[in-house]
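Asks: One structure follows; several queries about it will come next.
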């Protein structure tokens, strides 16, 4: 999966500053609260890329890495339940409590 130019900078910051990943998880929750699933999906994509990776996260969701990449791709329109499942699995993987 390719990232947009600005996403590369975000991934680099996530890898330098673990607290930034935690802050982004809060942003995901806020995006869901405001019914902004595309924003939540984009944040989940860069968080996955910059932290645990698609293979590990997909395994925890009983998906293939390819399926997870498609789910979080810019062109996808997944339902909220699927995105929430990704959020939950990522929170568990990162050890971040729900906000």
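Only the coordinates and a few stated rules stand behind these numbers; no lab work does. Just so it is clear, the structure is predicted and the values come from calculations on it, not from any experiment. We place every Cβ from the backbone using ideal geometry, glycine too, and count neighbours over all the protein chains shown.
Asks: Of all the residues that make up the range 36-67, how many are under 24 Å from residue 17 (Cβ atoms) and outside any loop (DSSP other than H, G, I, E, B)?
Replies: 17
Asks: Could you list, in sequence order, the residues of the range 78-99 that are over 12 Å from residue 29 (Cα atoms) and without any contact (Cβ under 8 Å) to a residue 12 or more places away in the chain?
Replies: 79, 81, 82, 95
Asks: Another question, if that's okay. Here is a list of conditions, (1) in contact with a helix residue (DSSP H, G or I) (Cβ under 8 Å, 6 or more places away or on another chain); (2) farther than 15 Å from residue 93 by Cα, and residue 8 meets all of them except one; can you say which number that is?
Replies: (1)
Asks: Is it the case, given these coordinates, that residue 89 is over 20 Å from residue 12 (Cβ atoms) and in a loop (DSSP other than H, G, I, E, B)?
Replies: In short, no.
Asks: Ok, one more. Have a look at 40, 65, 21 and point out the one that is over 16 Å from residue 98 (Cα atoms), in contact with a helix residue (DSSP H, G or I) (Cβ under 6 Å, 6 or more places away or on another chain) and surrounded by 13 or more Cβ atoms within 10 Å (Cβ to Cβ).
Replies: Checking each option against the conditions leaves just 65.
Asks: Now for a separate question. Show the residue pairs meeting these rules: Cβ distance below 6 Å; 6+ apart or different chains; first residue within the range 33-53 and touching a residue at least 40 places away in the same chain (Cβ under 8 Å); second residue assigned to a loop (DSSP other than H, G, I, E, B).
Replies: 41/72; 44/72; 45/72
Asks: Can you pull out the residues in the range 3-17 that are closer than 22 Å to residue 98 by Cα and either surrounded by 12 or more Cβ atoms within 10 Å (Cβ to Cβ) or within 14 Å of the chain's Cα centre (by Cα) (or both)?
Replies: Once the filter is applied, which keeps residues that are closer than 22 Å to residue 98 by Cα and either surrounded by 12 or more Cβ atoms within 10 Å (Cβ to Cβ) or within 14 Å of the chain's Cα centre (by Cα) (or both), the range 3-17 yields 10, 11, 13, 14, 15.
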